[in-house]
Amino acid sequence: MDKRILRPTPLNIVALLLVIFGLILAFIRYTQGLGAVTNLTDEFPWGFWIAFDVMCGVALAAGGFIIAGTVHIFNLKRYKPLIRPAILTAFLGYALVIVGVLLDLGRPWFVYHVLILPQFHSVMLEVGLCVFFYFLVLFLEFLPMWFQGIKNHAAYKALHALTIPLAIIGIMLSVLHQSSLGALLTLTKEQLSPLWYSPNLPFNFLLSAVMVGFAMVIFESQWSSKTYGRAIENDILKSLAKGCAIVAAIYFIWRMIDISMNGGWASMSPGFVSTWFWIEIIVGAIIPIILLIGPGQSNPTARGLGAFLVIFGVVLNRLNATLTGMIDQMGGMYFPTWQEIFISIAVVCAGILVFQAIVQTLPIFDEEVKEAEAAMA
């Protein structure tokens with residue numbers, strides 16, 4: 001593997017330029033206010049940053065607790081080669097979620113109030129605390145990688161001893177706040193289309209997070225294998241693809257049942273909202289199930305496409321449940337400004353660049369972990 005911190009590839013150069021441009025736009029946002037760069041209104045006080053950076057970001061970071069539970073709780077050691085990349089992806093994902101929250105808050109310098117002035121009757125308190133503490137858990141899970149990389153053996157062994165307790169705490173926090181984001185949207189019964197509103201939103205969000213957690217690990221593993229010339233862990237990824245397909249099938253069947261129970265089909269009519277619903281279901285659930293349920297599990301191209309479409313489907317689900325599904329009910333129209341979109345793109349690019357910098361300097365992938373452990377023996 002090329003051990004330069006960031007290889008000057010055309011894509012990396014473009015990503016870096018986008019990050020710089022995003023920082024300029026963020027400066028304008030903080031000096032001139034939300035109105036200078038967003039289309040947020042009293043009718044739509046939550047926009048693209050909450051829908052994409054926060055709602056989607058939390059879901060896409062679910063691979064960390066999925067693989068941690070698989071390896072440390074269910075003791076399936078064959079998946080151990082995937083755990084460090086999954087933890088790193090989750091750690092960076094939650095860091096970017098926090099960035100998204102700070103961008104969206106009108107007065108972000110008061111964000112610490114959730115800790116010192118808790119509103120015990122607000123579901124936002126549970127969301128905020130779980131995100132904060134799970135980010136702290138992920139940081140502690142990341143630190144052994146750092147200490148192993150800088151060859152601080154004492155610190156590595158001390159933190160490595162906490163692996164199991166941290167994994168248990170992390171899984172508990174993840175389950176709580178993946179579902180609590182859905183619970184938050186149960187407060188929008190009068191605003192959200194019946195195609196997405198349900199009293200079961202907490203379970204729906206948790207189930208879709210488990211599904212996309214499998215998909216993110218598959219997609220990240222295949223992307224890093226291609227990028228860094230590593231061998232694809234085909235047997236492991238085939239097993240994950242099977243698990244992803246099973247969860248996706250359960251999710252699809254349950255969504256159909258849930259919509260039927262809550263009268264969602266009665267509101268179905270040709271139009272903007274229903275179009276996005278069917279795109280979410282067909283492209284984000286049905287097609288991935290077809291790709292991942294059979295021979296596609298063994299084919300890296302089909303498996304990668306299936307995983308990508310699951311990711312697309314969950315991202316679209318969060319955007320629909322937070323924005324699209326409210327348009328008809330709210331009687332207005334919100335579309336993010338180009339500045340909102342570019343800042344979010346810059347946030348994603350920053351995460352990709354930091355991921356590359358870390359995997360090129362620390363022992364993250366299995367072969368490098370084994371070499372580092374052998375050197376410490």
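May I ask you to derive the relative contact order of region 10-376, considering only C-alpha pairs under 8 Å and at least 6 residues apart, and to give it as an integer percent? List each step's numbers first, then the result.
Working: 483 pairs, mean separation 103.5, N = 367.
Relative contact order for region 10-376 comes out at 28 percent.
Given springs between every Cα pair under 10 Å in a Gaussian network model of the chain, which of L117, L173, L305 has the largest fluctuation?
Most flexible of the set in this elastic network: L117.
What does a probe at L11 reach in region 334-368, counting residues whose amide N is under 17 Å from the point 7 Å along Cα→Cβ?
From region 334-368, the list is 345-360.
Tally Lys/Arg at +1 and Asp/Glu at -1 over every other residue whose Cβ is under 14 Å from the Cβ of V310; what's the total?
After counting each charged neighbour, the total is +2.
Could you work out which residue, out of D258, D366, D42, moves most in a Gaussian network model of the chain, that is, has the largest mean-square fluctuation with Cα springs under 10 Å?
Top of the fluctuation ranking is D42.
Going toward the positive end of the dipole of region 10-376, with +1 on Lys and Arg Cβ and -1 on Asp and Glu Cβ, which of S260, A321, I169 do you reach last?
The listed residue farthest towards the positive side: I169.
Running Debye on region 206-265 with equal point scatterers at the Cα sites and no solvent, what base-10 log of I(q)/I(0) appears at q = 0.18, 0.27 Å⁻¹?
So the normalised log intensities are -0.67, -1.03.
From the convex hull of the Cα coordinates of region 58-114, what is the mean projected area in square nanometres? Write out the running numbers ahead of the final one.
Numbers: hull surface 18.7 nm².
Averaged projected area of region 58-114's Cα convex hull equals 4.7 nm².
At 18 Å minimum axial length over the Cα atoms and a Kyte-Doolittle cut of -1.0, report the qualifying DSSP H helices in the chain, or say none. Each step should come with its number before you reach the end.
On the way: long enough: 10-32 (33 Å, 1.87); 83-104 (31 Å, 1.86); 123-149 (39 Å, 1.76); 163-185 (33 Å, 1.67); 201-228 (39 Å, 0.88); 234-261 (40 Å, 1.00); 300-322 (33 Å, 1.00); 338-359 (32 Å, 2.00).
Membrane-span-like by this criterion, though nothing is claimed about a membrane: 10-32, 83-104, 123-149, 163-185, 201-228, 234-261, 300-322, 338-359.
Sum up the charges of everything whose Cβ sits under 15 Å from the Cβ of E220, counting Lys and Arg as +1 and Asp and Glu as -1, but leave E220 out. All intermediate terms of the calculation are to be shown ahead of the outcome.
Numbers: positive: R84, K226, R230, R303; negative: E233, D366.
For residues surrounding E220, the net value is +2.
Quick check for me: using +1 on Lys/Arg Cβ and -1 on Asp/Glu Cβ, what's the dipole size of the chain about its Cα centre, in debye to the nearest 20? Display every interim value, and only then the final one.
Working: 20 positive and 20 negative charges, 181 e Å.
I would put it at about 860 debye.
For region 188-215 and region 291-320, write down the distance between their C-alpha centroids in whole Å.
18 Å
If the viscosity is 0.692 mPa s and the temperature 37 °C, what translational diffusion coefficient in µm²/s does Stokes-Einstein give for the chain when Rh comes from Kirkwood over Cα pairs? Each step should come with its number before you reach the end.
Details: Rh = 21.6 Å.
Reported coefficient: 152 µm²/s.
Dividing the convex hull volume of the Cα atoms of region 135-273 by its residue count, what figure in Å³ per residue is obtained?
Numbers: hull volume 23.1 nm³, N = 139.
Given the Cα convex hull of region 135-273, per-residue volume reads 166 Å³.
Considering the alpha-carbon set of region 4-118 alone, what are its Rg and its Dmax in angstrom?
18.1, 52
Starting from one equal scatterer on each C-alpha and no solvent at all, send me the Debye-based log10 I(q)/I(0) for region 102-157 at q = 0.27 Å⁻¹, two decimals.
-1.06
Bear in mind that the values in this text are calculations on the coordinates, not laboratory data. Every value quoted in this text rests on a predicted model; they were computed, and no experiment measured them. Please note: Cβ atoms are built from the backbone with ideal geometry, for glycine as well, and neighbour counts cover all protein chains shown.
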